[in-house]
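The values are calculated or read from the model by the stated rules, or taken from the named source; none is laboratory data. Since this is a predicted model, take the numbers as computed values, not measurements. As a convention, Cβ positions derive from the backbone with ideal geometry for all residues, glycine included, and neighbour counts pool all protein chains shown. Keep in mind that these areas ignore ligands, DNA and RNA; they rest on the heavy atoms of the full protein, side chains included. Shrake-Rupley method; radii C 1.70, N 1.55, O 1.52, S 1.80 Å.
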Amino acid sequence: MVPRVVYGKGSFNQLSEIVEQKRITGAAFIYLIDDVFENSTDLTCRIKLKGNDEIIFVSAKEEPKTSQVDEIVQRLKSSYTLMPGGIIGIGGGTILDLTKAVSIMLKNPGKAEDYQGWDLVKIPSVYHVGIPTISGTGSEISRTTVLTGPTRKLGINSDFTPFDQVILDPDLTQGVPKHQWFYTAMDCYIHCIESLNGHFLNAFSQSYGEKALELCHEVFLNNLSDSKKREMLMMASWHGGMSIAYSQVGIAHAMSYGLSYVLGTKHGIGNCIVFDHLEEYYPTGVKLFKEMKEKHNIVLPQGLCKGLSDKDINTMIQVAMSLDPLWENALGKNWRNQINAEVLERMYRKM
């Protein structure tokens, strides 16, 4: 679990104080920030750089890659004599996942792709701080950093992945475009549905999942002020991420990984596109999802897989079916009796 959390409007202003408590003479703090804020002095002017501290603006237009992590790590190792004192990520799930992965790979040998899987990291990561600027992914609390590698899309799942410190400031999520807000928030909603309907469910994950689902209902089906929505959705993301940390996701995530690997589909919208076709597996959850779509006038892209070659479809299937824990959570130990290449191809061809 994340050991230290600061929450509240304006809490971003405490960042400098938090960083100073961890500062080591000569060791830089590196800020990985979504480049959407590159010209936003409102945010960057509140970051107090000292010594050889550095801000690196990173594009979040594509899903994070293992090669991208390796490039950032190599750049930092070449530029600094001392190990950085900390890595601070400011942005959405892409930036937060990059931050977690970079902090791990600064201390562990080899390439990021070597650690895709469960509990492969052996050396504790560099101190790292997560500051979300959009709510829904749960990356701020999760023990994984999901990366697209040369052969698969899979997280670095380990006890050393979670942030050492998180700052939750609802004010930072102002101004997110509506569609992006919806897609990312639905990642949280789908987390809840997959966790609460999964075989790995336990009382711990259930308590968090139920609270997150309740908050999603409030945000997406009731008429709340924008300020209230930001606060409640930030808490929904946190609780949804906690629920998954102690259980697992399911079919929507497994299949969206396939979409992302072949087509580069972003995680939030990919989950939505897949989940829209999963009535057979999550009837109540999908019904409510469609109501939320309609209320917020969201129209999902159609025909993503139309005209794809058999090779591309087969790659999607291979990526999806390689995620055994997700399928087992959704359908039980004998999930392969229900899911095969033919079933998945039929489903993908609908999308």
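How many residues does the range 78-137 contain that are over 21 Å from Asn13 (Cβ atoms), aromatic (Phe, Trp, Tyr) and surrounded by fewer than 24 Cβ atoms within 10 Å (Cβ to Cβ)?
Of all residues in the range 78-137, those over 21 Å from Asn13 (Cβ atoms) come to 78-84, 93-94, 97-98, 100-126, 136-137.
Checking which are aromatic (Phe, Trp, Tyr) leaves us with 80, 115, 118.
Adding the requirement that they be surrounded by fewer than 24 Cβ atoms within 10 Å (Cβ to Cβ) leaves 80, 118.
Residues that pass the stated criteria total 2.
State the number of residues belonging to the range 87-126 that are at negative phi, in a strand (DSSP E or B) and not hydrophobic (A, V, I, L, M, F, W, C). Write out each step before concluding.
Of the residues in the range 87-126, the ones at negative phi are 87-90, 92-109, 111-116, 118, 120-126.
Next cut, in a strand (DSSP E or B) only: 87-90, 118.
Then drop every residue that is not not hydrophobic (A, V, I, L, M, F, W, C), which leaves 89.
The total comes to 1.
Condition check: assigned to a strand (DSSP E or B), under 24 Å from Gln174 (Cα atoms) and open to solvent by 20 Å² or more (accessible area, probe 1.4 Å). Does Val6 satisfy that?
Details: assigned to a strand (DSSP E or B): yes; under 24 Å from Gln174 (Cα atoms): yes; open to solvent by 20 Å² or more (accessible area, probe 1.4 Å): yes.
Criteria met by Val6.
Working carefully through the options Ser16, Ser11, find the one that is out of contact with any strand residue (DSSP E or B) (no Cβ under 8 Å at 6 or more places or on another chain), among the small types (Gly, Ala, Ser) and over 14 Å from Ile87 (Cβ atoms).
Checking each option against the conditions leaves just Ser16.
Test of understanding: among Ala320, Ala341, which residue is farther than 19 Å from Asn271 by Cβ and surrounded by 12 or more Cβ atoms within 10 Å (Cβ to Cβ)? Working first, answer last.
Working: Ala320 fails: farther than 19 Å from Asn271 by Cβ.
The unique qualifying residue is Ala341.
Please report, ordered by residue number, the helices (runs of 4 or more DSSP H) entirely within the range 287-351 with at least 2 residues that are of a type in the set (A, V, I, L, M), under 23 Å from the mean Cα position of the chain (by Cα) and modelled with pLDDT of 95 or more.
Working: elements: 310-321, 324-331, 341-350.
Hits in the range 287-351: 310-321, 324-331.
Under the condition of being on the phi < 0 side of the Ramachandran plot and of a type in the set (Gly, Ala, Ser), which residue from the range 1-52 is nearest to the chain's Cα centre (by Cα)?
Ser11
Name the single residue, out of those in the range 245-255 being out of contact with any Phe, Trp or Tyr (no Cβ under 8 Å at 6 or more places or on another chain) and part of a helix (DSSP H, G or I), that is surrounded by the most Cβ atoms within 10 Å (Cβ to Cβ).
Ranking the qualifying residues of the range 245-255, first place goes to His253.
Which residue, of Pro109, Pro84, is of a type outside the set (Gly, Ala, Ser) and touching a strand residue (DSSP E or B) at 6+ places or on another chain (Cβ under 6 Å)? Lay out the reasoning, then the answer.
Working: Pro109 fails: touching a strand residue (DSSP E or B) at 6+ places or on another chain (Cβ under 6 Å).
Within the list Pro109, Pro84, the selection yields Pro84.
Being open to solvent by 20 Å² or more (accessible area, probe 1.4 Å), closer than 30 Å to Trp327 by Cβ and touching a His at 6+ places or on another chain (Cβ under 7 Å) narrows it down to one of Tyr183, Tyr208, so name that one. I'd like the intermediate steps shown before the answer.
On the way: Tyr183 fails: touching a His at 6+ places or on another chain (Cβ under 7 Å).
None of the other options fit; the residue is Tyr208.
Could you list, in sequence order, all residues of the range 33-45 that are surrounded by 12 or more Cβ atoms within 10 Å (Cβ to Cβ) and either in contact with a Ser or Thr (Cβ under 9 Å, 6 or more places away or on another chain) or among the β-branched types (Val, Ile, Thr) (or both)?
Correct list: Ile33, Asp34, Asp35, Val36, Phe37, Glu38, Leu43, Thr44.
Do the conditions hold for Tyr208, that is, is it aromatic (Phe, Trp, Tyr), under 21 Å from Pro3 (Cα atoms) and at pLDDT below 95?
For Tyr208, the condition - aromatic (Phe, Trp, Tyr), under 21 Å from Pro3 (Cα atoms) and at pLDDT below 95 - is not met.
Going through Glu194, Glu140, Glu214 one at a time, which residue ends up being touching a Leu at 6+ places or on another chain (Cβ under 7 Å) and either at pLDDT 95 or above or among the charged types (D, E, K, R) (or both)?
On the way: Glu194 fails: touching a Leu at 6+ places or on another chain (Cβ under 7 Å); Glu214 fails: touching a Leu at 6+ places or on another chain (Cβ under 7 Å).
Result of the check over Glu194, Glu140, Glu214: Glu140.
For the range 58-80, give me each residue that is in contact (Cβ under 8 Å) with a residue 24 or more places away in the chain and not in a helix (DSSP H, G or I).
Within the range 58-80, Val58, Ser59, Ala60, Glu62, Glu63, Pro64, Lys65, Tyr80 meet the criteria.
Taking the range 211-244, which residues are of a type outside the set (S, T, N, Q) and open to solvent by 70 Å² or more (accessible area, probe 1.4 Å)? Can you show your working first?
So the first thing to find is which residues in the range 211-244 are of a type outside the set (S, T, N, Q), and the list is 211-221, 224, 226, 228-236, 238-242, 244.
If the condition is that a residue be of a type outside the set (S, T, N, Q) and open to solvent by 70 Å² or more (accessible area, probe 1.4 Å), then Lys211, Glu214, Asp226, Lys228 are the ones that fit.
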